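The values are calculated or read from the model by the stated rules, or taken from the named source; none is laboratory data. Quick caveat, the model's predicted, so the values are computed rather than measured. Backbone-built Cβ (ideal geometry, glycine too); neighbour counts: all protein chains shown. Heavy atoms of the whole protein, side chains included, go into the accessibility calculation; ligands, DNA and RNA do not. Shrake-Rupley method; radii C 1.70, N 1.55, O 1.52, S 1.80 Å.
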Amino acid sequence: MTFADLGLSDELLRSVNDSGYTEPTPIQAAAIPSVLMMRDLVAIAQTGTGKTASFVLPMIDILAQGRSRARMPRSLILEPTRELAAQVAENFEKYGANHKLSMALLIGGVSMGDQLAALEKGVDVLIATPGRLMDLFTRGKILLTGCSMLVIDEADRMLDMGFIPDIEEICTKLPKQRQTLLFSATMPPPIKKLADKFLDNPKTIEVSRPASTNLNIAQHVVPVTAAKKRDVLRQLLATEEVRNAIIFCNRKTTVRELNKVLQRARFRSAEIHGDMDQSSRIAELERFKSGDVTILVASDVAARGLDVKGVSHVFNFDAPWHPDDYVHRIGRTGRGGATGIAYTLVTPDDAENIANIEKLTGQKIPVLDLGNAPADDVAEPEAAPVEEAPRRGRRRPAAEVDAAPARERSERPARTEREERPARAEREQQPAREERPAREERRPRRDREERSDDRYDQRRDERPARYVQQDAVEDGAWNGPVPAFLNVRIPG
């Protein structure tokens, strides 16, 4: 099948051929004819399957007829992130080269003045993030009553980012008679509910099992200790045939620190994360796309929709917290039928995350042992038995008494008179106490306990003091001040 078989116009086919594409991907072959027939559509496809072109191409042909009016866009595409919105805009510029369609990009992080000026002229295609769109709508700067086509892209990502309430409100502002296209990599219940509420008898297309990973990507988990992660990453970057790679981290601080480490190691790397303004992020992406840098260290802000041809490797420096993020991260490689390699550095703390990923994708990820696996992963040796010190003021079990050193038992005098135990017998067993100054007996209790015999625990017994004292006297463990009525002086 070719693009000519899908019913696209000659002008659009020329643009597609000029872009170097000859055959549609499965999602494009299934979606484009339905979109041209003006049907609502629910498309479930993994990332990297060409779903952006599956709605951009037919939209260009549909919007070729008609004209735009000021502040009233004819179509609306909602994207969860600025990067995705900018990428869709690039697709419209590329494929719409032979059409005279106007387009506006409505995203945060850039000047609002230029965006408002474009809206005032009238646009055929408005590509927006929900936050900026709602901002301008509440200010009365934009009208949605003339929008006849709505695209909700990366719907599951919208859910993760908390945009579903905004999308529902936006849908209520649009005309009821419209065409709605919803694209998502997965179909969790909230997205299914959204589709049932706002789409009219949609055609459902599923070109791959939900949350499945691209079969063209060779995946590996690499067991490491947390202290060895940077060393192992540098080892992989040095030994693998890395043309260009994206390294994902869970935190923005980790992105910055890791980029500095790689640059000190003479790697040509750059970084992209949410703390950077939009112009800086775009500039770093362009450096990566042009080959000025070959390694891009990124947070999950770049995980979805970042379309760079020829990415040979993806490295998960941190195992992703959410299983869906794993699918989208590694989907940056192996795109357009190419092959790719994905490595995930895994510490013992990441075991649950990896188990959730394997459960979601339905496949076991092969383990690549580079000799840096933590000892915990091999076998956890049994700890040597340690004799637990008895609590102060409690009877010691007979077995514990039998286990005491023979020397200690031999030095323990026979006690026949109960009254003599706390005074005379203990002084005979510990003669050094007679040499201590009397004031030492009045040191704070904590200080005395720190210097007491290691047979005793420092925890307080909650029973009344008389019972504690009684038990202690019976097993010879009393180490407190001698009671006044037993303070007997021994002549001589």
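Let's see how each residue does on (1) closer than 21 Å to Arg287 by Cα; (2) in contact with a Gly (Cβ under 9 Å, 6 or more places away or on another chain):
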position	(1), (2)
His220	no, no
Thr225	no, no
Asp231	no, no
Arg234	no, no
Glu241	yes, no
Ile246	yes, no
Lys252	yes, yes
Arg256	yes, no
Asn259	yes, no
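Does any residue of the range 21-38 turn out to be within 27 Å of Arg281 (Cα to Cα) and among the aromatic types (Phe, Trp, Tyr)? No, there is no match, as no residue in the range 21-38 is within 27 Å of Arg281 (Cα to Cα) and among the aromatic types (Phe, Trp, Tyr).
Hey, can you tell me all the residues within the range 241-280 that are in a loop (DSSP other than H, G, I, E, B) and within 22 Å of the chain's Cα centre (by Cα)?
If the condition is that a residue be in a loop (DSSP other than H, G, I, E, B) and within 22 Å of the chain's Cα centre (by Cα), then Cys249, Asn250, Arg251, His273, Gly274, Asp275, Met276, Asp277 are the ones that fit.
Scanning the range 55-72 finds one or more residues that are of a type in the set (D, E, K, R), in contact (Cβ under 8 Å) with a residue 40 or more places away in the chain and in contact with a helix residue (DSSP H, G or I) (Cβ under 8 Å, 6 or more places away or on another chain).
Under the condition of being open to solvent by less than 20 Å² (accessible area, probe 1.4 Å), in a loop (DSSP other than H, G, I, E, B) and under 23 Å from Lys252 (Cβ atoms), the residues counted in the range 319-346 number 5. Taking the range 147-167 as the range and being closer than 19 Å to Pro58 by Cα and open to solvent by less than 50 Å² (accessible area, probe 1.4 Å) as the test, the residues that pass are Cys147, Met149, Leu150, Val151, Ile152, Asp153, Glu154. With respect to the conditions (1) of a type in the set (A, V, I, L, M, F, W, C); (2) closer than 30 Å to Met112 by Cα; (3) modelled with pLDDT under 90, Ala45 lacks only one, and its number is (2). Restricting attention to the range 281-299 and to residues that are open to solvent by 50 Å² or more (accessible area, probe 1.4 Å) and among the acidic types (Asp, Glu), the residue that is farthest from Arg332 (Cα to Cα) turns out to be Asp292.
If the requirement is being out of contact with any Phe, Trp or Tyr (no Cβ under 8 Å at 6 or more places or on another chain) and of a type in the set (Ser, Thr, Tyr), which of these qualifies: Thr254, Thr239? I'd like the intermediate steps shown before the answer.
Working: Thr254 fails: out of contact with any Phe, Trp or Tyr (no Cβ under 8 Å at 6 or more places or on another chain).
Sole residue among the options that is out of contact with any Phe, Trp or Tyr (no Cβ under 8 Å at 6 or more places or on another chain) and of a type in the set (Ser, Thr, Tyr): Thr239.
Against the conditions (1) farther than 24 Å from Lys197 by Cα; (2) surrounded by 14 or more Cβ atoms within 10 Å (Cβ to Cβ); (3) in contact (Cβ under 8 Å) with a residue 60 or more places away in the chain, Asp18 satisfies every one except (2).
Close Cβ contacts (under 6 Å, 6 or more residues apart or on different chains) running from residues in the range 134-163 that are closer than 27 Å to Pro189 by Cβ to residues that are hydroxyl-bearing (Ser, Thr, Tyr) and open to solvent by less than 10 Å² (accessible area, probe 1.4 Å) comprise Met149/Ser75; Leu150/Thr180; Ala155/Ser184; Asp156/Ser184. Just one of the listed residues (Ile217, Ile247, Ile205) is over 26 Å from Ala29 (Cβ atoms), open to solvent by less than 40 Å² (accessible area, probe 1.4 Å) and touching a residue at least 40 places away in the same chain (Cβ under 8 Å), and it is Ile247.
Condition check for Asp349 on (1) open to solvent by less than 20 Å² (accessible area, probe 1.4 Å); (2) at pLDDT 90 or above; (3) acidic (Asp, Glu): one failure, at (1).
Kindly establish whether Ser212 is more than 19 Å from Trp321 (Cβ to Cβ), within 19 Å of the chain's Cα centre (by Cα) and either modelled with pLDDT under 95 or assigned to a loop (DSSP other than H, G, I, E, B) (or both).
Working: more than 19 Å from Trp321 (Cβ to Cβ): yes; within 19 Å of the chain's Cα centre (by Cα): yes; either modelled with pLDDT under 95 or assigned to a loop (DSSP other than H, G, I, E, B) (or both): yes.
Yes: the conditions hold for Ser212.
Identify, please: which residue in the range 168-191 is part of a loop (DSSP other than H, G, I, E, B) and in contact with a strand residue (DSSP E or B) (Cβ under 9 Å, 6 or more places away or on another chain) and is, among those, surrounded by the most Cβ atoms within 10 Å (Cβ to Cβ)?
Looking only at the range 168-191, we keep the residues that are part of a loop (DSSP other than H, G, I, E, B), and these are 174-178, 185-188.
Cutting the leftovers down to in contact with a strand residue (DSSP E or B) (Cβ under 9 Å, 6 or more places away or on another chain) gives us 174, 178, 185-187.
On the way: Leu174: 18, Arg178: 18, Ala185: 25, Thr186: 19, Met187: 18.
Within the range 168-191, the match that is surrounded by the most Cβ atoms within 10 Å (Cβ to Cβ) is Ala185.
Restricting attention to the range 270-297, the residues that are of a type in the set (Gly, Ala, Ser) and under 26 Å from Met112 (Cα atoms) total 4.
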